[in-house]
Structure formats: C-alpha cells, structure tokens
Amino acid sequence: MSSFNPKHRDTPASQITIALYRIAQAIDYIFRERGKTMRLSPTQIQSLFFLKYARPGVRTIGGLANRLGVAYATSSGVADALEGKQLIKRAPLPEDQRVVTLGLTPKGEHDIETLNDVLDEIELAVAALSETEQIIFMRATQAIVRRLQRAGYVSVYEMCWGCQFFQKDAHPNDPREPHHCTFVDAPLSEPNTYLECPDFVPAES
Ligand code: SF4
C-alpha cells in the first residue's frame, strides 16, 4: 500500500490520501513564498500566528515547542530569531516571575495582520465546492484529524466555545470575566474565549 505509487492509486482512500498530501504541499509552498517577501521562515510565520491566537497562559517557550512539535531548545532558537527581528518580546509573567512569556511587538502585530490572508487560496478552493460537498468534506476531514490526534501526530487547538471545560456566564456579577474554565479553574474574559487552547476537549453533543 503506497499512495506515492501511481499504480496503487486505485481506491478512493489512496486518491484522497495523495490529494491531502498535495494540499499540504500547496500550503507549505504558500507559506514559503509569503515568507520570502517578509523575510520569515514558515516556522517563524506559524510561531507568530501562535502568539497572536493562543490563549495567554500557553504563550511560552514550552507552549511554542508543543505547538510546533519541536524540542524546547529549538523553540527557544525560534524565539531568539523572532526577538532579533523585533517581532516578539520576552517578559516575566506578573503572577510568577520565573515563567517567561512571549508576546508580539507592534511590528509583530503588523506582520501578522499582513499574513492573516495566507490561507485564503485554500479557503477559496474549498468554497468553490457545493454546500453539500463542503459539509461532507468538513465531517470527513474532522474525523481524519481526530484519528491523527489520538495517534499523537497532530495537536488540535480550539477556542472555548464547544469545550467540555467551558462554563458560560458562570460569574454573572463580573462583567470583565463572566465565564469560567474548569480545566485551569479560572475565570475567563469574553475575548479570551475566542483564543486557541491546547487543552480543548469537545463537549459531548
Ligand atoms: S480548557 Fe477549554 S474552556 Fe479551558 S481555556 Fe481551554 S478551551 Fe477554554
């Protein structure tokens, strides 16, 4: 069984597998081309997106290592390079000075705004499918990702809405942090519920 061998692409599963591989190649190509114009590597672009959209508690060297699927020393090197380009800055966590957090500088915020449309070509290709095809494709790809996640090949970061640890309006008298996360046992502001979190577990439907 090898989807790379054209002779073996005689089943829907093998044809879909090679199509997913080509989509991954296309994304890699788009990231490299956009990176060239901004003097950023694909890993550096992914890191900037992580620092823009991950929940604040995981914006650390360790959190970045998990997100990129690399060793701590490697993510530290990525952070050094981005700091050298003045796109991010290190700062101690106010509640625990031993923890060093990573944050975007105004220049980093500007670059990520420029990069926000980097996946538009892929989305346009998907949007060209009929609505029925999109729903079937969405369910199918979600099932594939769940299986790859269980096998440890990919980490899924999602926002609070739909997470089994999310308690909406748990603190009705606190307009700044009205919601609650039972995983970290902490209140949540409305904006923080729209950030990506590695501890997301889908609520039972
Ligand atoms: S564990 Fe769930 S509720 Fe808690 S911050 Fe992460 S996504 Fe939000």
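The values are calculated or read from the model by the stated rules, or taken from the named source; none is laboratory data. Model, not experiment: these values are computed from the prediction. Cβ placement follows ideal geometry from the backbone for every residue including glycine, while neighbour counts extend to all protein chains displayed.
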For segment 111-131, does any single residue satisfy the condition of being surrounded by 11 or more Cβ atoms within 10 Å (Cβ to Cβ), in contact (Cβ under 8 Å) with a residue 60 or more places away in the chain, under 21 Å from the mean Cα position of the chain (by Cα) and farther than 21 Å from PRO42 by Cβ?
no
Say whether the condition of being in a loop (DSSP other than H, G, I, E, B) and within 16 Å of the ligand (Cβ to nearest atom) is met by at least one residue in segment 129-145.
no
What are the residues in segment 93-112 that are part of a helix (DSSP H, G or I) and more than 10 Å from LEU48 (Cβ to Cβ), if any?
PRO106, LYS107, HIS110
What residue, of ALA186, ALA151, ALA143, ALA203, is exposed (fewer than 15 other Cβ atoms within 10 Å of the Cβ) and closer than 24 Å to VAL126 by Cα?
ALA143
Subset of segment 163-188 (residues that are modelled with pLDDT under 95 and of a type in the set (Gly, Ala, Ser))
ALA186
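Determine which member of the set SER3, SER47 is crowded, with 16+ Cβ neighbours inside 10 Å and modelled with pLDDT under 95.
Result: SER3 is the single residue among SER3, SER47 that is crowded, with 16+ Cβ neighbours inside 10 Å and modelled with pLDDT under 95.
The rows are residues; the columns are (1) more than 7 Å from the ligand (Cβ to nearest atom); (2) closer than 25 Å to SER47 by Cα.
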{"position": "ALA151", "(1), (2)": "yes, yes"}
{"position": "TRP161", "(1), (2)": "yes, yes"}
{"position": "ALA170", "(1), (2)": "yes, no"}
{"position": "ASP174", "(1), (2)": "yes, no"}
{"position": "THR193", "(1), (2)": "no, yes"}
For segment 35-83, which residues satisfy the criterion of being of a type in the set (D, E, K, R) and either in contact with a strand residue (DSSP E or B) (Cβ under 8 Å, 6 or more places away or on another chain) or touching a residue at least 40 places away in the same chain (Cβ under 8 Å) (or both)?
ARG39, LYS52, ARG55, ARG59, ARG67, GLU83
Does any residue of segment 152-164 turn out to be without any contact (Cβ under 8 Å) to a residue 40 or more places away in the chain, part of a loop (DSSP other than H, G, I, E, B), out of contact with any helix residue (DSSP H, G or I) (no Cβ under 8 Å at 6 or more places or on another chain) and within 30 Å of ALA24 (Cβ to Cβ)?
yes
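Filter segment 39-63 down to the residues that are among the aromatic types (Phe, Trp, Tyr) and either closer than 18 Å to LYS85 by Cα or more than 13 Å from the ligand (Cβ to nearest atom) (or both) and list them by number.
Listed by number, the residues that qualify are PHE49, PHE50.
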